[in-house]
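Below: one structure, written as structure tokens.
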Amino acid sequence: MATAKAAPKARKKAASKADEGVKTDKLAAKPKAAAKPAKAKGKPEAAQAPPQGDSPRAAPPPPEAEAAPFPPFESMLSPDQLKMVETLSANLARAAVTAQGAIAEAALRQADRPAALTPDPFHVAPALNEVMTRLAAQPDRLMRAQADLFGQYMELWQTAARRAAGEDVAPVVAPAAGDKRFNDPDWASNPMFDLMKQSYLLSSNWLNGLIAEVDGVDPATKRRVEFFTKMLTDAFSPSNFLISNPAALREVVQTQGQSLVRGMENFAADLERGGGQLAISQTDLAKFKVGENVATAPGKVVYQNDILQLLQFNPTTETVCEIPLLIFPPWINKFYIMDLRPENSMIRWLTGQGFTVFVASWVNPDQKLAAKTFEDYMFEGIYDAAQQVMTQCGVDRVNTVGYCIGGTLLSVALAHMAARGDKRINSATFFAAQQDFAEAGDLLLFTNEEWLKSIEQQMDQAGGFLPSQSMADTFNALRGNDLIWSFFVSNYLMGKEPRPFDLLFWNADQTRMPKALHLFYLRNFYKDNALTQGLLSLGGERLDLSKVKIPIYVQSSKDDHIAPYRSVYRGAKAFGGPVTFTMAGSGHIAGVINHPDAKKYQHWTNDQLPADVSQWIAGAQEHPGSWWPHWSKWLKALSGEQVPARDPAKGKLKPLEDAPGSFVLVKSQP
């Protein structure tokens with residue numbers, strides 16, 4: 001203890017002497033260093049006492065022999081391997097520079113634009129807060145869910161350990177049927193990627209299931225949170241990241257990084273095409289040209305007004321049905337979905353069946369047409385086009401078709417005509433069209449009042465119309481894995497060029513939406529469902545579909561995510577006359593455009609129209625292939641006698657130009 005107490009005193013004393021030394025250096029003329037040699041005289045240097053206050057130091061160890069240098073990395077590789085590494089490094093650097101340049105250029109473009117109108121454009125935050133609050137009020141359910149997740153992870157870790165030991169084990173969780181993200185064999189054969197895949201699936205399924213099981217919340221609110229939770233979990237799939245995608249990593253190695261260079265070049269090109277916003281390419285747009293290898297059915301533009309060109313197609317039979325057929329496609333896209341290639345063209349097939357076919361080719365509106373209303377489209381579209389067809393063919397009636405939103409407009413016009421006693425339309429067919437929007441699917445999530453106010457601001461900013469890319473983004477979001485992430489992985493991570501596909505070319509050729517028209521449609525149909533509730537007035541008339549007594553043919557598609565068959569069936573029940581309802585296989589596009597020669601899918605028919613669609617399905621009969629022949633038989637019975645074929649160039653209306661016309665050629669600027 002005495003030794004322990006002495007050390008601080010010695011340090012204090014040494015410090016005191018050091019202070020005195022400082023004072024001496026300042027005042028004394030004789031340097032302190034001059035006395036040191038005399039003090040050390042006659043003593044070996046090694047025996048000198050250490051300075052006061054310092055601990056004795058051990059003698060340095062003898063020098064060790066230098067270790068052999070590690071061989072350079074380059075010497076461990078063969079010349080070919082070294083060249084491969086150098087090429088890979090150079091390509092990775094090129095890819096990084098390309099991506100950085102593209103992002104910097106996009107940032108500069110965005111800097112000139114107004115800031116985002118809202119950080120939550122779909123207004124999901126209030127709904128998410130309501131669902132999370134409800135979950136927090138049920139701690140027992142939350143604890144059970146967490147325990148269940150922990151149990152599943154324990155099982156996963158156990159199976160992973162057993163597999164590592166060489167045992168053949170079944171997976172704990174597998175991708176859902178139709179999930180193509182994990183098709184690469186390495187997702188199953190490689191233990192690391194298999195564990196990564198199953199871990200992701202457990203977590204995403206758990207989170208989505210947790211939201212789906214919340215009770216005590218408004219169904220629309222819960223569905224909104226479910227939808228955006230699914231979008232979030234889809235985005236975080238390991239397949240969407242280079243470092244965790246075995247196929248993308250393999251491609252990088254096999255191409256020595258060239259795939260990543262190509263991917264970043266694709267990324268830069270899509271940013272450029274989108275004007276600084278990422279517009280993911282879904283097909284090779286350069287491979288198609290409207291009027292040359294798509295939309296090639298011969299015909300004439302026989303009439304034009306502000307919002308449409310009326311196309312009449314050449315007959316291919318010597319005689320035709322007396323009553324012509326007038327088709328109103330959706331104005332969100334362009335009419336040539338019905339005339340992509342000769343072998344799948346509905347227009348060519350219909351002329352081959354002996355119908356005189358007219359099609360409305362809608363304008364791609366700009367600022368000049370921003371004030372065009374839904375009522376304008378009814379009068380200048382349905383009314384005017386029907387009158388021009390009757391004039392051209394010398395008849396007093398027409399048969400009509402409405403596809404998607406074109407069908408909704410046609411329904412409104414039919415109710416308006418019924419109110420006025422107008423008999424010009426003899427029958428109506430609806431392709432994937434809705435009249436009752438109570439069960440209109442996930443598009444309902446984008447139509448609450450807060451979202452509508454945001455989209456109105458967006459249209460004002462654009463000059464009075466909704467940019468086409470906005471509509472494309474909305475529809476793509478409904479099938480994110482198929483229409484966003486699959487192309488993200490293929491184009492950017494794998495460096496592949498999108499393959500030519502006429503359907504996706506058409507899908508990318510979207511049009512703009514006039515502000516007045518589009519807001520009326522979203523508010524009165526999706527938000528308020530006013531038509532079938534008898535709450536909609538247009539053109540001075542209260543609209544009532546039950547007063548529409550003409551024959552109606554309604555086509556729906558089993559897997560349609562835009563116009564679900566349940567919603568379409570509700571509309572079919574709203575009409576007051578005879579209705580034939582048919583369900584086709586596949587979805588919104590492929591279910592409609594299914595040429596009989598393709599011998600694809602199937603369709604169901606049922607002569608009855610019971611109260612609920614589930615009853616209709618229970619009594620329906622399945623048939624292989626396309627539904628077109630079934631419809632053609634129905635339509636011919638309503639199309640009158642045979643008359644000589646009508647040449648578009650020899651009618652009462654003077655041809656303005658050849659089909660497909662000029663309206664369809666107008667491209668939308670992103």
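The values are calculated or read from the model by the stated rules, or taken from the named source; none is laboratory data. On a predicted model such as this, the values are computed, not experimentally measured, just so you know. Here the Cβ is made from the backbone with ideal geometry for all residues, glycine too, and neighbour counts use every protein chain on show. Areas reflect the complete protein model, heavy atoms only, side chains present, ligands, DNA and RNA absent. Shrake-Rupley method; radii C 1.70, N 1.55, O 1.52, S 1.80 Å.
Does the stretch 158-270 come out rounded, prolate or oblate by the C-alpha gyration tensor, with a ≥ b ≥ c the root eigenvalues, rounded set by a/c under 1.5 and, if not, prolate when a/b is larger than b/c and oblate if not?
Cα axes put the stretch 158-270 in the oblate bin.
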Could you compute how much accessible surface Arg250 exposes when probed at 1.4 Å, giving the result in Å² to the nearest 10?
80
So what is the accessible area of the stretch 209-351 per residue, in Å², with the probe set to 1.4 Å?
37
Sort Arg181, Arg162 from largest to smallest accessible area, using a 1.4 Å probe on the heavy atoms of the protein chains.
Arg162, Arg181
Enter the accessible area per residue of the stretch 583-660 (Å², integer; probe 1.4 Å; all protein chains in place).
55
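Carbon and sulfur together cover what percent of the accessible area of the stretch 231-304 at a 1.4 Å probe radius?
Values: 1830 of 3170 Å².
After summing per-atom areas, the C and S share lands at 58 percent.
Only Lys, Arg, Asp and Glu count, each charged at its Cβ (+1, +1, -1, -1), so figure out the dipole size of the chain about its Cα centre, rounded to 20 debye. Please report the intermediate quantities before stating the final value.
On the way: 70 positive and 71 negative charges, 599 e Å.
That gives a dipole near 2880 debye.
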In what sequence, largest accessible area first, do Thr580, Thr283 appear using a 1.4 Å probe?
Thr580, Thr283
Do you know the Lys pair count in the stretch 536-670 for C-alpha distances under 23 Å, with sequence separation 8 or more or different chains?
12
Which helices, counted as full DSSP H runs in the chain, have an axial Cα extent of no less than 15 Å and a Kyte-Doolittle average of -1.0 or above?
2-27, 79-111, 125-136, 139-164, 191-212, 219-235, 258-273, 405-420, 468-478
Carbon plus sulfur, as percent of the 1.4 Å-probe accessible area of the stretch 475-515, comes to 59
Summing -39500 (n - 2.57) over every DSSP H run of at least 4 in the chain, dividing by its residue total and rounding to the nearest 500, the 222 nm mean residue ellipticity is -12500 deg cm²/dmol
